[in-house]
Amino acid sequence: MRGKAQEWQTSLEMNVALGRDGTAVIRNHRQSAMGIRLEVIERVTGNRRANNRQLQNQQENQQQTPVRISPKLRISLRNQSDHEISLLDTVEHCAFQLVSNKQNTTGIINTYSYMELPRRQCGVEANWMVHSLQPKEIYFIEIELSDPMWFVLNEDKEQEQGSLRNNWAGYRWIYQLPKELITKHENNEALWSSSLRTAHFTAGGIID
């Protein structure tokens, strides 16, 4: 039920009891009420480094033919429960955060860091809208990473994700609301306040 690449994935939730000394014991588990799916709508074609060189040459020669160096993605959230679930999001999709995977010395991904998307106007005071999902209903967004809206801040420069160096570890998108926003909507019993992570994807548009 965890799912495969570009298919629906369901997290496993744990009910854990903690002892006074910090010892954790799993008491129960269940499949999450929300499923998530990451799809590549348009992939990078050819060699990414060659595409970057071609893009640079086109920019220098002021050519207009576009070169795709970053993928176009679709992220979908599905209510897999038997009751209504509410999501919050903005026009700029501030509920979704891009993170860069970090690997340890053995090559295993064990943590990640948040990437700043400076063109988005996010925060608790942004225009957050409620999206109520009935059972089996889906909420999805499409992300064109070649659009300046999704450029990331790297070394004090706005850069397209596909042009970043040393990005072989890949990325994930996380649906995650600010804690202050969850508190603000605490009267909404149907609000989904947990985080959801997509599958790992690369700058070339390959999903694991």
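The values are calculated or read from the model by the stated rules, or taken from the named source; none is laboratory data. This structure is a prediction, so every number in the text was calculated from the model and none was measured. The area values use the complete protein model at the heavy-atom level, side chains included, leaving out ligands, DNA and RNA. Shrake-Rupley method; radii C 1.70, N 1.55, O 1.52, S 1.80 Å.
Accessible area of residue 147, 1.4 Å probe, to the nearest 10 Å²?
In the full protein context, residue 147 sits at about 70 Å².
Give, in nm to one decimal, the length gained when the segment between residue 130 and residue 188 is fully stretched (0.36 nm per residue of separation minus the Cα-Cα distance).
In short, 19.9 nm is gained.
Cα to Cα, under 13 Å, and not fewer than 8 places away if on the same chain: which aspartates and glutamates meet these conditions relative to residue 102?
Here the aspartates and glutamates satisfying the reach criterion relative to residue 102 do not exist.
When we measure straight from the Cα of residue 179, which aspartates and glutamates land under 15 angstrom away, once same-chain ones fewer than 8 places off are left out?
Once the sequence-local aspartates and glutamates are set aside, what remains near residue 179 is 89, 125.
For a distance above 23 Å, tell me the whole-number percent of Cα pairs in segment 95-194 that qualify.
Here the tail beyond 23 Å accounts for 40 percent of pairs.
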